[in-house]
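To start, the structure under review is shown below, and the notes come after it.
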Amino acid sequence: MSEHKYNNKLLQEKSPYLLQHAHNPVDWYPWGPETFSRAAAEDKPIFLSIGYSTCHWCHVMERECFEDEEVAEVLNKYFISIKVDREERPDVDHIYMTVCQALTGHGGWPLTIFMTPEKKPFYAGTYFPKNRRMGMPGLMAVLDSVHKAWTSDKSELIHSGNRIASAITETFTDTLDEIPSEELIHEAFQDFKNDFDSVYGGFGDAPKFPTAHNLSFLLRYWYKTKSAPALDMVEKTLDSMHRGGIYDHIGFGFSRYSTDRKWLVPHFEKMLYDNALLAIAYLETFHATRKEKYAETARQIFTYVLRDMTSPEGGFYSAEDADSEGEEGKFYVWSLDEVKQVLGDPDGERFCQYYNITPEGNFEGFSIPNLIKNSIPDEDREFINSSREKLFDYREKRVHPYKDDKILTAWNGLMIAAMAIGSKILGDKQYRQAAERAVDFIFSKLVRNDGRLMARYRDGEAAYPGYVDDYAFLIWGLIELYEATYKPEYLQKALRLNDDLIRYFWDEDNGGLFIYGSDSEQLIMRPKEIYDGATPSGNSVSALNFLRLAHLTGKHELEEKASEMFKVFGNSFQRAPRGYAFSLTALMFAQSRAKDIVIVGNADYNDTKEMLDIIRENFRPFTISLLYSDDTNELRTIAPFVENYRSIEGKPTAYVCENFTCQSPITDTGEFRDILAH
C-alpha cells in the first residue's frame, strides 16, 4: 500500500519535475494523445501547467494550490490537468510561453495555460496564489470564471483559441531580402554600451542575468574593432559577478540570476547551461587578457561541475534547486556564529570581515558570502583557501538542495564545448577527458538505433526526439572537442549530426530551423526561435556551426545556409540587435577575415605540438585549425581538400589562408607566430 494519500498518472514518468507532482491531490496527466482524447470525450477544457524541477515559484504554487484539496477538487471536476517539464518539452513550452507573453506582456514559470482539447489556448498567466493577493488574481476565482465561460459560451472560447493560435503563427514568419550590414553589429555594441551599469557591471537594473553569450559577443567586437570599452564591459561584469553572492564562494559555481543590481542576492538555483556559458566567457577573457583570475574562476566552475554535476557514466546533470528544507537559499547562507564555530573565533572573524558575514546578515537574517566591498590580498589567499575548505566540509553535512539528475543533450553539448575550450586554453587534460566521456555517454545512451539523437536521459531511459538545440549545441561541443584533440572522429560526428539537423529541421520554403523535427509530434504550430535568451538559440548557434564546418571541411554550401539564416531573421536583428548577440557573433565571423590553418604533421611529435600551441597561445575567435597527417586517410574523407597539403622536408608544416589568399608553407615556428600575429 502506498505511503502517500494521493497518487496520479505522473507516477510513471521519469522527469524529476513531474515526479515531484505525482502525489498531489490534483489528478495530473502527462502530455500525450490519450490525455487530449479524454478531454475531448469528456468535453472539458485543459489546465496546462509548465515548469521545471528547480523552479522556486513552481514549488510555491504547488504548496499553495496543487497540494490543496479544495483547488484539486475543482480541477479534477471541471478540467483535465496536464503537467509538462519545460526542459523535456521545450517545443510545448516555447509555443505556450509565446502565447502568454502575447496575451499578458510577460512570461515566466510556472506557466499556466487554459486551452481547448485541440490544444488551442484562450487564457494564460504565470504564478497564481490560491486566493487573490496583492493585486494577483487567485487561482480559485480564475478556475471558476473559466468553468462558467466554458459551460455558458464555449464557442467563443474556441473561437478565441483559434484566433490566438493564428496570430501567434504569423509572428514566426518574418524575413529580410538581404544579409544585414556590419552596421548592425555596431548598433548592438552601442545598445550594450548605453545600458551598461558602470558601477556594478552587467546591463540594466535588477534583476540581472549573467547572459554570458552577450559577453562573448563583446569580446569578439573588441577583437575585431579594438574598442577598449567593449573589453572593459566584459571585465567589469565578470569581476562583479564573481565578487557577488550570485557566485558560490564556498562550493563554486554560479546561481541562475541576481535579484538585485549588485549581484548580491541570487535566485539560488544552479543551472548547467549557465555554468557552461560562463566558463566559456571566463576562459575567453583569460585568453584575451592573460589575467589569471579569470582562468581561476573557470577552473572553479569546472571543479563544481565535475564534483557535483557529473554522473558516474560521464553525462552532466541538469540543475540544483534553490530550496532546501522548504526554504530558499538555506543551504548557502551563514551566520557569524556558525562560521566562528567552524573556524574558531579569530579566524572566523577574519574570514567574515572579508566575506561580509555580519550579525544582522544580508538575506533574511543570515549572510550570503560575497566580496562586493573587499578583495583578498595575495598574502591571505592560503588562509582563505584553507578556511573555505573547512566551511565546505561543514556545509556538506547540511541538507542539500534537490538535484535534477536528468541528462539533457543540449545542455551537455554546452558543457562539452566549455570543457573542450578549457582543455585548449588551460592545457588541462582532465577537462578534455570529461568532454570526451560526455560525448561517449551521449552517443551510447542518447542516440536511437536509427541514428536519431534524443533529448533526455534519466533512469535508464532516453526519450523525446532531439530538438534543434540538442543538435546545435552538441555540434558546437564536437567542433570545440575536435580543435582540442584533433581527432577526426569528432569532426565526423559533427558533420553527421549537422546533416541530420538540416534533414529534420530546415524550413525548405522559407529557410531557418524549426524548434522540433519533421518526425516529432506536430503541435498547433511549428515555430522557429532566433532570440538569444538564457541560452543562445539553436538557429544562432547553427549559423556559426555552419560557417565553422564550411571552413573546416570545404563544404561551402553550409556558408550559403548561414547566409540564408541571416536573411530569414534579419528583421528581428534590426528591431532589437542586442537580443540576438550570438547571431551577431556568427554574422561577425562571416564578415571577418577568418584565418584557416592546416598543420601537416604527426600529433605525437614535439615540433607539431609546438605549432599547435602557437595557435592556442592567444585569443583568435576567427581562426579555424585542422591537423593533418599525410599518411592517414581519416581526415581526407571529411575534408578532401587537405589531400593537397604536404609536409616540407619531413618537418611539421603550417598552411595559412586568409581572405581567399594563402601564404607559402611555413616550417619555422617563429615565422608561424609572426604570421598569426597579423
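Nothing in this text is a laboratory measurement; each read-out follows from the coordinates by a stated rule. The structure presented is a predicted model; accordingly, all values stated were derived computationally and were not measured. All Cβ positions, glycine included, derive from the backbone under ideal geometry; neighbour counts span all protein chains shown.
Below, the figures for the structure above:
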quantity	calculated
About the Cα centre, charge dipole magnitude for the chain (Lys/Arg +1, Asp/Glu -1 at Cβ), debye	280
Only Lys, Arg (+1) and Asp, Glu (-1) charged, at Cβ; the range 79-214 dipole about Cα centre in debye	1220
Cα centroid separation - the range 121-165 against the range 31-95, whole Å	14
D (Stokes-Einstein, µm²/s), Kirkwood Cα radius, the range 116-197, 0.692 mPa s at 37 °C	193
Mean-position separation - Cα centroids, the range 654-678 and the range 481-525, in angstrom	33
Listed residue (Leu587, Asn644, Ala484) projecting farthest to the positive dipole end of the chain, Cβ model	Leu587
Dimensions (Å) - the range 556-613, Cα atoms, principal axes, largest first	51, 25, 17
Assigned charges on the beta-carbon of Lys, Arg, Asp, Glu; the range 314-358 dipole about Cα centre (debye)	240
From the C-alpha gyration tensor of the range 57-110, square roots of 5λ in Å	23, 13, 12
Residue (of Met271, Leu474, Cys58) at the positive-pole extreme of the chain, dipole from beta-carbon charges	Cys58
For the range 9-170, diffusion coefficient by Stokes-Einstein and Kirkwood Rh (Cα), 25 °C, 0.890 mPa s, µm²/s	157
Whole-percent pair-distance distribution, where bins are 10 Å wide, for the alpha carbons of the chain	3, 14, 24, 26, 19, 10, 3, 1, 0
Ranked by how many other beta carbons lie within 10 Å on average, peptides 383-394, 240-251 from highest	240-251, 383-394
Compactness of the range 529-626 - radius of gyration and Dmax, Cα, Å	15.9, 52
Degrees between helix 429-445 axis and first principal axis of the chain (Cα, 0 to 90, nearest 10)	50
The chain: Cys lacking any partner C-beta under 4.7 angstrom	Cys65, Cys100, Cys352
Cα pair distances in the range 332-397, grouped into 5 Å bins until the bin that holds the longest one, percent each	4, 18, 30, 28, 16, 3, 0
Inter-label distance, nm, simple model (7 Å from Cα along the C-beta direction), Glu34/Glu634	4.7
Selection from Pro25, His551, Tyr96, by position along the positive dipole direction of the chain (Cβ)	Tyr96
Spatial separation of Cα centroids for the range 335-393 and the range 418-436, in angstrom	32
Calculated Rg and Dmax of the range 596-678 using C-alpha coordinates, Å	12.0, 32
Local electrostatic count at Ile80 - Lys and Arg +1, Asp and Glu -1, tallied over other residues with Cβ under 13 Å	+1
